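Working notes for the structure below.
The values are calculated or read from the model by the stated rules, or taken from the named source; none is laboratory data. None of these values were measured; they are calculated from a predicted model. Here the Cβ positions follow ideal geometry from the backbone for every residue, glycine too, while neighbour counts run over all protein chains shown. With ligands, DNA and RNA removed, areas are computed over all heavy atoms of the protein, side chains included. Shrake-Rupley method; radii C 1.70, N 1.55, O 1.52, S 1.80 Å.
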Amino acid sequence: MKPRPLASFLARLIWLCIAPLLLLAVWLAWDNLRQQEARHLREGDNLAQNQAIAHDNFLNARIGALQVLANSPLADDPRRWPDLHAEASNFAKSFGSHVILADSTRQMLFNTRLPFGATLPRLPLPQGRSVVPLALETGEPQVSDIVFGPVANVPLLAIVVPGLRDGKVAHLMLTTIEVAQMQQRLDQVAMPKDWSLALQDGTGADIARRSPAGFDSRRDVDADHRFVVPLAHSTWSVVVEIPRQSHQAAQLRSLLILGGAILLATL
């Protein structure tokens, strides 16, 4: 049997020593990618949860203020409605959304968009879920889906708080929020530029959305990279989506860096 050259023997010995370290490095690289993916999923879920809490707080603050107006004794005397209109105007200045007082037949009594005494229509009843009848029936505050305002002539969201007297609904206090205002809120959220964030109403329609150009949820997002968190006191939901291209690009960058490190260490 012909003896092997010393160089060949040493080369085999070196590779035998290096192989366990290479296998360990490959496993560490794979584990790093797995942890990075888990971190992305946690960040997506946290963003959705935090936004749901923020929007719940946004609604709860307005519901609480409307309850103060609805329970005010000024609402019980038509002669004092101008004073209540002035109080409601202060609400509009503080919260940036106008206030409507309506009776139990849905007739608007005043709207802070207009001077007191202006002629006003009845509250509209949109197709599908309408929160005004729900508020009259349940005596509980309600938050609407997107509706078209007959006075503002723009898409609106309404918060309806019933004024209860002796356990019955005597009147309704509403505030209307322009959809554009919710878009402004969403535009201020810090998030990765290639992620998608949406606030949707109970019908699944977008109240506000931030998405990459050309984004298609069905085409671009895997089911486990889509996070939906419903709000506590409305039918709205926050939806966070991480496009497949986004997390694959991050994984590829990490893989190239780790692969280069392993190759350099091997050499």
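Among the residues of the range 67-91, those identified as of a type outside the set (Lys, Arg), exposed (fewer than 15 other Cβ atoms within 10 Å of the Cβ) and not in a loop (DSSP other than H, G, I, E, B) are 68, 73, 76, 78, 82, 83, 86, 90. Yes or no: the range 40-54 includes at least one residue that is open to solvent by 20 Å² or more (accessible area, probe 1.4 Å) and over 32 Å from the mean Cα position of the chain (by Cα). Within the range 40-54 (the criterion being open to solvent by 20 Å² or more (accessible area, probe 1.4 Å) and over 32 Å from the mean Cα position of the chain (by Cα)), the answer is no, since none of the residues qualifies. May I ask you to say which residue of 187, 194, 206, 216 is surrounded by fewer than 20 Cβ atoms within 10 Å (Cβ to Cβ) and either small (Gly, Ala, Ser) or touching a helix residue (DSSP H, G or I) at 6+ places or on another chain (Cβ under 7 Å) (or both)? Going through 187, 194, 206, 216 in turn, the sole match is 194.
Residue-level analysis places residue 134 among those that are among the hydrophobic types (A, V, I, L, M, F, W, C) and over 26 Å from residue 90 (Cα atoms). Could you say whether any residue in the range 216-227 is in contact (Cβ under 8 Å) with a residue 24 or more places away in the chain and within 22 Å of residue 131 (Cβ to Cβ)? Within the range 216-227 (the criterion being in contact (Cβ under 8 Å) with a residue 24 or more places away in the chain and within 22 Å of residue 131 (Cβ to Cβ)), the answer is no, since none of the residues qualifies.
Only residues that are within 27 Å of the chain's Cα centre (by Cα) and not aromatic (Phe, Trp, Tyr) were counted across the range 69-99, and they come to 7. Of all residues in the range 128-154, those that are in contact (Cβ under 8 Å) with a residue 24 or more places away in the chain and at positive phi total 2. For the range 18-36, the criterion of being within 30 Å of residue 110 (Cβ to Cβ) and modelled with pLDDT of 75 or more is met by no residue. When the test is whether a residue is out of contact with any Asp or Glu (no Cβ under 8 Å at 6 or more places or on another chain) and under 19 Å from residue 78 (Cα atoms), residue 174 passes it. In the set 172, 125, 199, only one residue is surrounded by 15 or more Cβ atoms within 10 Å (Cβ to Cβ) and more than 30 Å from residue 46 (Cβ to Cβ); that residue is 172.
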